[in-house]
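Step one of this worksheet: look at the structure below.
The values are calculated or read from the model by the stated rules, or taken from the named source; none is laboratory data. Just so it is clear, the structure is predicted and the values come from calculations on it, not from any experiment. As a convention, Cβ positions derive from the backbone with ideal geometry for all residues, glycine included, and neighbour counts pool all protein chains shown. What goes into the accessible areas is simple: the full protein's heavy atoms, side chains included, and nothing from ligands, DNA or RNA. Shrake-Rupley method; radii C 1.70, N 1.55, O 1.52, S 1.80 Å.
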Amino acid sequence: MKLKALLVFVLAAVLVSACSVAFAADRKIVVGFAQIGAESDWRVANTNSIRTACEEAGFDLRFVDGQQRQENQIKALRDFITQGVDVIGFSPVVESGWDEVIAEINEAGIPLILLDRTTDIAGDNYFVTWIGSDFLEEGRKAGRWLVEYMQKTGRGRDEINIVELQGTVGSGPAIDRKKGFEEVIKDYPNLRITQSQTGDFTRDLGKTVMESFLKRGERIDVLYAHNDDMALGAIQAIKEAGLKPAEDVIVIGVDAVKGAFEAMLAGEMNVTVECSPLLGPQFVEAVQAIMAGKELPKITYSIEYVYSQEVTRRVVDGRQF
């Protein structure tokens with residue numbers, strides 16, 4: 001009888017264990033994602049890509065729109081800790097000010113994935129992987145294009161005044177796109193940034209700041225905008241000032257959103273440097289790899305291109321953002 005009872009106990013334990021394994025396998029992966037906001041067409045496309053990819057993967061996605069406020073994102077991250085999510089995804093609105101909340105994430109043992117942007121925390125032990133674009137190289141690409149364009153159009157030695165619409169102050173893209181651009185043009189002293197101000201990555205502020213640049217009465221040869229939404233707002237200001245964008249003022253943007261392609265086809269924008277927002281599939285792959293106990297590279301860059309006015313309607317119609 002004792003042996004029989006022991007066998008029943010062992011069998012019951014095996015069944016319970018099997019049920020637990022089955023439940024764990026069937027349980028949805030819970031992912032918390034703290035997005036910056038919806039400040040641009042790029043960010044909206046990025047959000048849609050994340051939502052769609054997570055839905056298709058069957059994740060339980062806890063998504064929070066930070067509305068471009070750091071305090072909103074910090075609250076969301078702490079809420080994710082309280083909820084005990086499996087993985088946290090995060091696009092920091094600015095680089096600094098995250099030390100405390102990220103320490104709390106690490107202490108809770110929740111894997112952290114950075115998407116699109118980074119923080120200024122020293123080292124890379126605080127996150128599992130970062131997925132996004134090389135913002136520094138994007139700035140360099142914009143600078144190289146300008147140098148080559150000026151040489152090609154016979155203006156390689158002309159004094160060229162550049163106005164710059166910077167992105168959100170303190171954000172990774174704004175810092176690196178400025179740095180990369182300046183890194184290239186420093187070798188060409190005739191190319192000078194004469195006015196520079198933040199447009200916060202938004203179309204409305206891009207227009208407002210461009211209006212203020214134009215009202216100062218200084219000659220403007222080139223506009224370099226850290227994203228296409230600001231460039232598109234600035235184009236409106238240029239037209240309202242009685243000037244021809246892409247002719248009187250060369251217009252350079254970053255992101256390669258559909259609106260920029262439409263502007264190039266209309267002859268109102270010269271070039272856009274691609275920064276793909278479609279990071280959802282890569283994000284899902286990273287989450288799945290983490291849950292499977294696999295190692296991931298610390299950095300994964302997207303493959304991106306430079307598009308100028310020679311772009312065709314076929315390319316534009318094929319854009320997903």
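Please give the helix 2-26 orientation as an angle from the longest Cα principal axis of the chain, in degrees from 0 to 90, rounded to the nearest 10.
Tilt of helix 2-26: around 10 degrees.
How much of the accessible area of the stretch 36-190, probe 1.4 Å, is carbon plus sulfur, in whole percent? Can you show the working numbers first?
Details: 2950 of 6610 Å².
With neighbouring chains kept in place, the figure for the stretch 36-190 is 45 percent.
How large is ³J(HN,Hα), in whole Hz, for each residue of the stretch 312-321 in order, when computed from phi with the Karplus curve 6.51 cos²θ - 1.76 cosθ + 1.60 and θ = phi - 60°, using x for Gly and Pro?
Coupling constants for the stretch 312-321: 9, 4, 4, 5, 4, 5, x, 5, 9, 8 Hz.
At what distance in nm do the modelled label points of Arg78 and Arg313 sit from each other, each positioned 7 Å from its Cα along Cα→Cβ?
Using points 7 Å along Cα→Cβ, the separation is 5.5 nm.
Go ahead and set up a Gaussian network model of the chain, Cα springs under 10 Å, then flag whichever of Pro297, Pro92, Pro173 fluctuates most.
Checking each option, the largest mean-square fluctuation is seen for Pro297.
Just how far, in whole angstrom, is the stretch 243-276 from the stretch 176-207 if you go by their alpha carbon centroids?
What the calculation gives is 15 Å, centre to centre.
Whole percent per 5 Å bin, from 0 to the bin with the longest distance: what is P(r) over all C-alpha pairs of the stretch 128-250?
The calculated distribution, bin by bin, is 2, 12, 22, 24, 20, 14, 4, 2, 1, 0, 0.
Let me know the charge dipole size of the chain about its Cα centre in debye, to the nearest 20, where only the beta-carbon of Lys, Arg (+1) and Asp, Glu (-1) is charged.
Working: 35 positive and 48 negative charges, 110 e Å.
Charge dipole, the chain, about its Cα centre: 520 debye, nearest 20.
Before rounding to the nearest 500, sum -39500 (n - 2.57) across all DSSP H runs of length at least 4 in the chain and divide by the residue total; then give [θ] at 222 nm in deg cm²/dmol.
Details: 11 runs with 148 residues, N = 321.
After summing the helix terms and dividing by the residues of the chain, the value is -14500 deg cm²/dmol.
Which value, in Å² rounded to 10, gives the accessible area of Thr82 with a 1.4 Å probe and all protein chains present?
In the full protein context, Thr82 sits at about 120 Å².
Two-decimal Rg/Rh of the stretch 195-261 from alpha-carbon positions, Kirkwood Rh?
Details: Rg = 10.6 Å, Rh = 11.5 Å.
Ratio value, two decimals: 0.92.
Nearest 10 degrees, 0 to 90: what angle lies between the long axis of helix 228-240 and the longest principal axis of the chain (Cα atoms)?
Value to nearest ten degrees: 30.
Two decimals is fine: what is log10 I(q)/I(0) at q = 0.12, 0.15, 0.16 Å⁻¹ for the stretch 234-320, from a Debye sum with one equal scatterer on every Cα and no solvent?
For the stretch 234-320, the Cα-only Debye profile gives -0.50, -0.65, -0.70.
Over the chain, with a Gaussian network built from C-alpha contacts below 10 Å, which listed residue (Gln67, Gln151, Gln288) shows the highest mean-square fluctuation?
Gln151
Rank these residues by their accessible area, most exposed first, probe 1.4 Å: Glu285, Glu304, Glu218, Glu268. Intermediate values should be presented prior to the final figure.
Details: Glu285 120, Glu304 25, Glu218 95, Glu268 50 Å².
Result of the area sort, largest leading: Glu285, Glu218, Glu268, Glu304.
Using a simple spin-label model with points 7 Å from Cα along the Cα→Cβ vector, what separation in nm is obtained for Arg51 and Glu104?
2.7
Read phi for every residue in the stretch 172-186 and hand back ³J(HN,Hα) as whole Hz from Karplus 6.51 cos²θ - 1.76 cosθ + 1.60, θ = phi - 60°, with x for Gly and Pro.
These are the phi-based 3J(HN,Hα) values: x, x, 5, 5, 6, 5, 5, 4, x, 5, 5, 4, 7, 6, 4 Hz.
May I ask you to give the solvent-accessible area per residue for the chain, in square angstrom, as obtained with a 1.4 angstrom probe? Mind showing how you got there, number by number?
Values: 15180 Å² over 321 residues.
That works out to 47 Å² per residue.
Viscosity 1.002 mPa s, temperature 20 °C: give me the Stokes-Einstein translational D for the chain in µm²/s, with Rh taken as the Kirkwood radius over C-alpha pairs. Provide the component values of the computation, followed by the final result.
Values: Rh = 21.5 Å.
It comes out at roughly 100 µm²/s.
Looking at the square roots a ≥ b ≥ c of the eigenvalues of the Cα gyration tensor of the stretch 56-131, which shape do they give, rounded for a/c under 1.5, prolate if a/b is larger than b/c, or oblate?
Rounded shape, in that the Cα axes give a/c under 1.5.
Based on Cβ point charges of +1 for Lys and Arg and -1 for Asp and Glu, what charge dipole magnitude is obtained for the stretch 48-165 about its Cα centre, in debye rounded to the nearest 20?
Details: 12 positive and 22 negative charges, 112 e Å.
Dipole magnitude for the stretch 48-165 comes out near 540 debye.
Springs between alpha-carbon atoms under 10 Å, Gaussian network over the chain: tell me which of Val101, Val254, Val271 tops the mean-square fluctuations.
Val101
Over 31 Å between Cα atoms: which of Lys75/Lys258; Lys141/Lys294; Lys258/Lys294; Lys28/Lys75 fall into that group?
In this structure, Lys75/Lys258; Lys141/Lys294; Lys258/Lys294 exceed 31 Å between Cα atoms.
If one computes the Cα centroid of the stretch 55-80 and of the stretch 147-170, what distance in Å separates the two points?
Here the answer is 38 Å between Cα centres.
For the stretch 245-260, in order, what is each residue's ³J(HN,Hα) by Karplus, 6.51 cos²θ - 1.76 cosθ + 1.60 with θ = phi - 60°, in whole Hz (x at glycine and Pro)?
So the J values, rounded to whole Hz, are x, 6, 10, 5, 10, 5, 10, 10, x, 9, 2, 6, 7, 4, x, 5.
Taking H placed 1.01 Å from N in the peptide plane, check which residues at least 5 places from Thr129 or on another chain put their amide H under 5 Å from its amide H.
Hits under the 5 Å cutoff: Leu114.
Fully extended, how many nm does the chain gain between Glu159 and Glu137 (0.36 nm per residue separation, minus their Cα-Cα distance)? Before the final figure, lay out the partial values.
Details: separation 22, 0.36 × 22 = 7.92 nm, distance 2.49 nm.
Result: 5.4 nm gained on full extension.
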